[in-house]
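Reviewing the structure listed below.
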Amino acid sequence: MTTPQVSFEFFPPQSLEASFRLWDTVQTLAPLDPRFVSVTYGAGGTTRDLTREAVATLHKSSGLNVAAHLTCVDASKAETLQIAEDFAQAGVSEIVALRGDPPKGSAGFTPHPKGFANSLELISALADTGKFTIRVGAYPEVHPEATDMAANVDWLKRKIEAGASEAITQFFFEAETFLRFRDACAAAGITAPILPGILPIENWKGVRNFAARCGTSVPNWLINAFEKAERDGREDLLATAVCTELCSDLMDEGVDALHFYTLNRPELTRDVCHALGVTPSVRLQNVA
Ligand code: FAD
């Protein structure tokens, strides 16, 4: 089993305290030499300016390869493409292109009257600029809006054909879930790499709510294990063990790159990476 490549997702800070936390997260995880780090774009387009600022700052000061998330929500095509152009001007050439979720309280996704109708249109427009490496979202347990797994996989195939070069999955808790999805994608002729999205369980209650919203199933064995760990006050130990085992099972099946949803809390992600053999690489240029 070789050491996997890793990448990390952050979200843009909305307060001074959160900015310090993000910077601390970056400092903790940067020595693990990530392939890229990505910065989310708030649900409903709410953090547009914060994302832009965080992406530009990270790109300029961290030395990391930064990918900016971009959604179609609540903006015209011209406005969305202008944001992409701003990323390009800041030297950022990687985008995670998404349709996005509607603002809280709305029934479903309604395109802006002059906006992109879906992720395919956004991906094609970004690809046409020739300026970006494009990644997209993928759903091992079927996106809640897809009719079935076949439609879910077919839509991903269309996103790759529209110009994406890699997909990052929604989080899941059992390796089998990802492996079945990977097989279905391969059978449908998808050859682009599919990166498993890994969510270390920092906060069990929060994760359960999040899973319910995303359609991620939470297996009974995990529920039982956390109930017990909560009683004994050892949730962190369990979270590290569960996440390390998931990653290790994936690596046993040939997965060579993992994408961690850090939620700007670096400790668990760092501990899991260390357990997988991803350890700090000190570069001469950084210490000289
Ligand atoms: P798509 O893949 O385009 O659509 C989702 C599903 O809906 C598809 O599987 C398809 O079956 C169905 N579908 C949609 N349109 C059609 C159509 N016209 N015809 C037929 N079927 C259709 N959200 C944010 O707001 N900000 C973020 O930064 C963010 N980052 C994310 C990162 C990752 C890695 C992932 C997996 C998700 C992220 N999300 C983010 C959540 C994402 O915006 C939501 O899951 C959203 O509901 C779907 O976006 P998408 O681009 O993946 O959708």
- Message: Please go through region 63-78 and give me each residue that is assigned to a loop (DSSP other than H, G, I, E, B) and away from the ligand (no atom under 16 Å from the Cβ), ordered by number.
- Response: Gly63, Leu64, Asn65, Ser76
- For residues in region 10-29 being in a helix (DSSP H, G or I) and closer than 10 Å to Pro266 by Cβ, which is nearest to the ligand (Cβ to nearest atom)? Leu22
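Show me the helices (runs of 4 or more DSSP H) found entirely inside region 206-275 where at least 2 residues are aliphatic (A, V, I, L, M) and in contact with a strand residue (DSSP E or B) (Cβ under 8 Å, 6 or more places away or on another chain).
The helices (runs of 4 or more DSSP H) meeting that bar are 235-252.
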- Message: I'd like the full set of residues that are closer than 20 Å to Ile123 by Cβ, in contact with a strand residue (DSSP E or B) (Cβ under 6 Å, 6 or more places away or on another chain) and part of a helix (DSSP H, G or I), limited to region 147-184.
- Response: Leu156, Lys159
- Does any residue of region 144-157 turn out to be closer than 27 Å to Ser93 by Cβ and open to solvent by 40 Å² or more (accessible area, probe 1.4 Å)? yes
- Message: For region 127-141, which positions are open to solvent by less than 40 Å² (accessible area, probe 1.4 Å) and out of contact with any strand residue (DSSP E or B) (no Cβ under 6 Å at 6 or more places or on another chain)?
- Response: Ala127
- Query: Out of curiosity, is Phe171 closer than 18 Å to Ala241 by Cβ and surrounded by 21 or more Cβ atoms within 10 Å (Cβ to Cβ)?
  - Reply: yes
- Subset of region 248-279, residues touching a residue at least 60 places away in the same chain (Cβ under 8 Å) and on the phi > 0 side of the Ramachandran plot, comes to Leu263, Asn264, Gly277
- Message: Glu245 - would you say it is in contact (Cβ under 8 Å) with a residue 12 or more places away in the chain and open to solvent by 70 Å² or more (accessible area, probe 1.4 Å)?
- Response: no
- Task: Could you please find all residues in region 116-126 being crowded, with 19+ Cβ neighbours inside 10 Å and away from the ligand (no atom under 11 Å from the Cβ)?
- Result: Leu126
- Query: Tally time: how many residues in region 195-205 are open to solvent by 70 Å² or more (accessible area, probe 1.4 Å) and part of a loop (DSSP other than H, G, I, E, B)?
  - Reply: 1
- Looking only at region 60-75, and only at residues there that are more than 27 Å from Lys114 (Cα to Cα) and at pLDDT 95 or above, the one that is most open to solvent (accessible area, probe 1.4 Å): Asn65
- Task: Would you point out which residue out of Ala175, Ala212, Ala184, Ala239 is in contact (Cβ under 8 Å) with a residue 24 or more places away in the chain, more than 19 Å from Leu268 (Cβ to Cβ) and aliphatic (A, V, I, L, M)?
- Result: Ala184
- Message: Let me spell it out: the conditions are (1) at pLDDT 95 or above; (2) small (Gly, Ala, Ser); (3) in contact with a strand residue (DSSP E or B) (Cβ under 9 Å, 6 or more places away or on another chain), and Gly100 meets all of them except one. Which number is the exception?
- Response: (1)
- Filter region 128-149 for residues that are of a type outside the set (Phe, Trp, Tyr) and more than 10 Å from the ligand (Cβ to nearest atom); the one that is nearest to Leu98 (Cα to Cα) is Ile134
- What number of residues within region 258-273 are open to solvent by less than 10 Å² (accessible area, probe 1.4 Å) and either of a type in the set (Asp, Glu) or within 16 Å of the ligand (Cβ to nearest atom) (or both)? 6
- Note on the structure: Scanning region 103-115 for residues that are within 10 Å of the ligand (Cβ to nearest atom) and open to solvent by less than 50 Å² (accessible area, probe 1.4 Å), the one modelled with the highest pLDDT turns out to be Phe109
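The values are calculated or read from the model by the stated rules, or taken from the named source; none is laboratory data. Quick caveat, the model's predicted, so the values are computed rather than measured. A quick note on method: Cβ atoms are made from the backbone with ideal geometry, for glycine too, and the neighbour counts reach across all protein chains shown. In case anyone asks, the SASA skips ligands and DNA or RNA and just uses the protein heavy atoms, side chains included. Shrake-Rupley method; radii C 1.70, N 1.55, O 1.52, S 1.80 Å.
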